[in-house]
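> Starting off with a structure, shown below.
Coordinate-derived values only; no laboratory data. Since the model is a prediction, treat every value here as computed from it, not as a measurement. In this analysis, Cβ positions are derived from the backbone assuming ideal geometry, glycine residues included, and neighbour counts consider all displayed protein chains.
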Amino acid sequence: MGELNKWLETIKIAWVNLTAYKINYIIMVLGPSLTFFFVKYNLWTAIYKTNSLDMIQGYTLSQMLSYQVWTLVVGLIAQSYNSMNIAVDIRYGKISTYLIYPFDFWQYHTASFIAFFMNQIVISFLTLLALAFIGIITLPSLAIFSQALPLCFLVALLWFVVMYFIGLISFWLDETWTLRVVFIMISQFFSGAFLPLEIFPQWLMDGIKYLPFKYMTYVPVKVFMGTYTGSLSLAYIVVSLWAIAFALGSALLWRKGVKLYTAAGI
Amino acid sequence: MHNSKYALRTHQLTKSFRSFKKKPGIKGTLQSFVKRDYTTKNAVDGFDVTIKHGEFIGLLGPNGAGKTTLMKMLTGIIVPSSGDIEVLGYTPSERHKIFRKKIALVMGQKSQLWWDIPAMDSFKLLQKYYEVTDQNFKNRVEELSELLAVKDLLHIHVRKLSLGERMKLELMACLLHEPEIIFLDEPTIGLDLVAQKRIREFLASYHKKNNCSVILTSHYMADVEALCERIVLIIDGKNSFDGSIHEFQNVLGRKKFVQFRFSEKVDNKASIWKDLDPEWNPAGNMVNLRIDESQLREKSQEILQSFPVSDFQTDKMPIERVMNTLLTRPDLVAKSAAQKAQQQAQQKNKDKA
């Protein structure tokens, strides 16, 4: 009971903290996603129009746009955790307080992640409703939601553990933002956030089947669109295994790294 | 309640940091990619100290002497390079949850409270972390907010408070769980004199009432004089002095501190000043001297006769001045330690005989 209370109270505080600066928060989370979306929206419209194409790899213009809209939504639910920078906590000595409290640093960040995810659910639903209202998207059935949302949660969790893992590397390196950016770029490319994966050659698709990327955008988007034909359980399994692998890796990094911690700045 | 004999004990505690030197400019940056000259520095160097339950210790030393590094090791934030520490029977760097529940750390330079929410919300979080019962928590908040006079501040966003107000709440936050040992790292830094005094009074009465052990670092000698029974001086990472505040005052010998004011600028090259450690003011019409008790009458008379003295006063060496002297001349501590050891050895020989 005591442990659960610690978690609940931390989630509460993290939620309050997130919403303390609403404008800042919206700019941070919604800004990049919307910009990215409008760039892609205009780009694809231009590609189809200037080349007078009806179809690219099985996608009509409206299907392509619909794909990009769902990419935006999935990104909001599952990927916004990539803007969290845990390395800063280590570099500027913020983890010291959580080395003293009887509640661990990973517990604190996991609780913050849960608060963040709940907040993202609210934001993405509002975005979804707005998009449905202006008519560029049709709301999927409850059955589809019940398939896609757990997958989105797993993907969000994977993003969180990967960012946490990279953050911990700053026990050794001063700055880890390049690692974050590299990971984000690679994953966006292979996850289908730029292009639907049908556009890639088959051998590449086969090659990345057991990597997590494909399941981070492409698969959830296709599930939301109701056009996913692959195995959903494979998606769950691959994402879970990668999340577990990074969590174990993080535990190892933490055990070794915390010995090097110098608590600079305090 | 205590399952260990001491509140805290270290043996040959050492922490070394490795860093590399980078020469300025692009050339230096490129060079540092290829070849790095690492230097290793012992921030804390073979440090020994033993502290009993309920003691109030002043940990003193100049900037960079290793005070904060020592505090970080004692609280388990950083891991020692070598040596042993035992705090309340635990090894801090193992960071056992029970150990973490028994200690508290307040850092004057760093806020532990959440910036964007009222202190009360942070307190509630801490209540859960430390598993304080609702009733205890209520009583504790009531009692501490009364003592610190912060009742009206509990529901204000922390970022809107003044430094002094915030510090009181920081103290309150770290005392909610009734820690057995409290580490205070410069709790009065940057505060005005009135606020410093209030914090000091609070700490004194809190310590008296709760009988916990306290380790305090501060650059303000007034803090130390008002609170600490015992002083530990750390210079270059070593325990350079460890004794009562009374012994500390006499560390430079039984000398009196005398101040003379003159009606005009006087000759500060005169031979009489030579052995009296003079400290002149810039105008040259005031001097602080240290005069051996046995010579006090004689020297004072000589000065009164030879110079146009307008005023003078005498005092014991104030701790502030001892500290200043020691910081500029650490060799004096070594000397006094050597003397002490010699005296003890002589005493032993006598006892044997």
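> Using only the C-alpha atoms of chain B, find the volume of their convex hull and express it per residue in Å³.
232
> Right, next: Is there a pair in B:K52/B:K238; B:K238/B:K348; B:K15/B:K124 whose C-alpha atoms are over 29 Å apart, and which pairs would that be?
From the list (B:K52/B:K238; B:K238/B:K348; B:K15/B:K124), the Cα-Cα distance tops 29 Å for B:K15/B:K124.
> So how far, in whole Å, is the C-alpha centre of region B:229-282 from the one of region B:101-174?
If we compute the Cα centre of each part, the gap is 41 Å.
> Can you compute the modelled spin-label distance between A:Y41 and B:N288, with each label point 7 Å from Cα toward Cβ, in nm?
7.2
> Among A:F171, B:F312, A:F224, which comes first, second and so on when ranked by fewest other beta-carbon atoms within 10 Å?
B:F312, A:F171, A:F224
> How far is the Cα center of region A:216-266 from the Cα center of region A:145-161, in Å?
The two parts, judged by their Cα centres, are 10 Å apart.
> With each label point set 7 Å from Cα along the Cα-Cβ vector, what nm distance links A:Y25 and A:L241?
3.7
> Send over the Kirkwood Rh of region B:250-313, from the inverse of the averaged 1/r over different Cα pairs, rounded to one decimal Å.
For region B:250-313, the Kirkwood estimate is 11.9 Å.
> Cα convex hull of region B:1-76: mean projected area in nm², to one decimal?
7.2
> In what sequence, highest mean first, do B:23-29, B:168-174, B:215-221, A:53-59 appear when ranked by Cβ atoms within 10 angstrom?
Result, highest mean Cβ count within 10 Å first: B:168-174, B:215-221, A:53-59, B:23-29.
> Which FRET efficiency, nearest 0.05, do B:R254 and B:I189 yield, Cβ-Cβ r, R0 30 Å?
0.35
> Hey, which lysines would be in cross-link range of B:K128, C-alpha to C-alpha under 16 Å, not counting anything within fewer than 8 residues on its own chain?
A:K6, A:K12, B:K97, B:K101, B:K102, B:K138
> According to a simple spin-label model (label point 7 Å from Cα along Cα-to-Cβ), what is the distance in nm between A:L211 and B:D116?
3.5
> Compute the whole-percent fraction of alpha carbon pairs in the protein assembly as shown spaced more than 41 Å apart.
45
> Work out the charge dipole of region A:2-257 with +1 on the Cβ of Lys and Arg and -1 on the Cβ of Asp and Glu about the Cα centre, then indicate which of A:Y98, A:L142, A:I47 is farthest towards its positive end.
A:Y98
> Right, another one. Positive end of the dipole of the protein assembly as shown, charges at C-beta (+1 Lys, Arg; -1 Asp, Glu), about the Cα centre: which of A:A132, A:A111, B:G237 has its Cα farthest in that direction?
After comparing all options, I get B:G237.
> What is the Å³ per residue value for the convex hull set by the Cα atoms of region B:95-240?
Value for region B:95-240: 124 Å³ per residue.
> A further question on this structure: How high is the FRET efficiency from B:Y38 to A:A130, r the C-beta distance, R0 56 Å, rounded to 0.05?
Calculated transfer efficiency: 0.50.
> So what's region A:2-257 giving for Cα Rg divided by 2.2 N^0.38 Å, two decimals?
After normalising by residue count via 2.2 N^0.38 Å, the value is 1.06.
> Normalise the Debye intensity by I(0) for region A:1-152, one equal point scatterer per Cα, no solvent, then take log10 at q = 0.14, 0.16, 0.17 Å⁻¹ and round to two decimals.
Log10 of I(q)/I(0), two decimals: -0.83, -0.98, -1.06.
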